[in-house]
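Novice: After the structure tokens below, expect a handful of questions from me.
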Amino acid sequence: MVLVILFAGPVLFSLLIAVVLFLALLEFYRMGLAEQHRAEQWLSAAVGTILLGALYQQRFDLFLLLLTSSLLMIFLKVLFSPPAGDLKQAAPLLGWLALGLLYLPLLLGHLVLLRLLPAGKELIFLTLLAVMCCDTFAYFVGVKFGRRKLYPTVSPNKSCEGGIGGLLGAVTAVLLAKLIFLEQIGFTEAILLGLLLGCAGQIGDLFESLLKRACGVKDSGSIIPGHGGLLDRLDSLLFAFPVTYYTARYWFGG
């Protein structure tokens, strides 16, 4: 991943992210639909991946057109090929297919937008470092000092103390990034951005845990042996990339 960020140009970088997105969408749909409705799963994954092309061109009008067309295409497919034997399953099917298009292409697409900013590479490294430090600090602080459960219904092993440790880790990471390769960010901005990324990363992790519990699975997939699926690696980043993009674009000027 580091080599891709360092040496891949925007076009190659976006193509590689498109491959990741396609595989993640297939994993997402398999997690919720298992072996059922395979045609709808592949169709939704394909049209969801195409959305990245509009984001790469920063044609947000085209993105909305493609997203709307994709949703209408899926709605028509389910309308004229409803779940056999039980029409009550049509609504959950439509909801899961539509959620995939909003959850993954929309959120992960911000990584492509982030790469196009003048300091895109540095901002991507900052986000990765902040989320990694957030996860690491949250784990060790939670193991050592964790007493109060953060959200036991969704993630019983996470603690409030670990969550606070994660915020401290993200702030530390952003401050280090500011000192080493993003000097244009002020100290106050770095602290606030670290807090935002720490919150976003942990919320993204909790959201994917909610989805997995709803689907009754332990891991989103098995594409990474010993580490689960792509979504298990991307969950925190999916919420963090938009935060970095919008703060960079509209707060401290990219």
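The values are calculated or read from the model by the stated rules, or taken from the named source; none is laboratory data. Predicted model only: the values in this text are computed from it and were never measured. Backbone-built Cβ (ideal geometry, glycine too); neighbour counts: all protein chains shown.
Novice: Any residue in region 227-250 that's more than 17 Å from A119 (Cβ to Cβ): show its pairings with residues that are among the acidic types (D, E) and outside any helix (DSSP H, G or I) at Cβ separation under 9 Å, as long as the two are six or more apart or on different chains.
Specialist: Correct list of pairs: H227/D219; G228/D219; G229/D219; L231/D219; D232/D219.
Novice: Looking at region 151-171 only, could you name the residues that are in contact with a Gly (Cβ under 7 Å, 6 or more places away or on another chain) and either hydroxyl-bearing (S, T, Y) or in contact (Cβ under 8 Å) with a residue 40 or more places away in the chain (or both)?
Specialist: Across region 151-171, the qualifying residues are K158, S159, A170.
Residue-wise test of (1) buried (at least 19 other Cβ atoms within 10 Å of the Cβ); (2) assigned by TED's automatic domain parsing to the domain that holds Y103; (3) closer than 28 Å to D219 by Cα.
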| site | (1), (2), (3) |
| --- | --- |
| A24 | yes, yes, yes |
| E27 | yes, yes, yes |
| A34 | no, yes, yes |
| A39 | no, yes, yes |
| L55 | yes, yes, no |
| D61 | no, yes, no |
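Novice: In contact (Cβ under 8 Å) with a residue 60 or more places away in the chain and exposed (fewer than 14 other Cβ atoms within 10 Å of the Cβ), is that true of P10?
Specialist: Taking the combined requirement at face value, the residue satisfies it.
Novice: Contact list please: Cβ distance under 6 Å, first residue in region 183-195 and over 13 Å from A170 (Cα atoms), second residue in a helix (DSSP H, G or I), pairs at least six apart or on different chains.
Specialist: Here the result reads I185/K178, each pair linking region 183-195 to a residue that is in a helix (DSSP H, G or I).
Novice: So if I check each of E27, E40, which one is part of a helix (DSSP H, G or I) and in contact (Cβ under 8 Å) with a residue 60 or more places away in the chain? First the steps, then the outcome.
Specialist: Details: E40 fails: in contact (Cβ under 8 Å) with a residue 60 or more places away in the chain.
Going through E27, E40 in turn, just one is part of a helix (DSSP H, G or I) and in contact (Cβ under 8 Å) with a residue 60 or more places away in the chain: E27.
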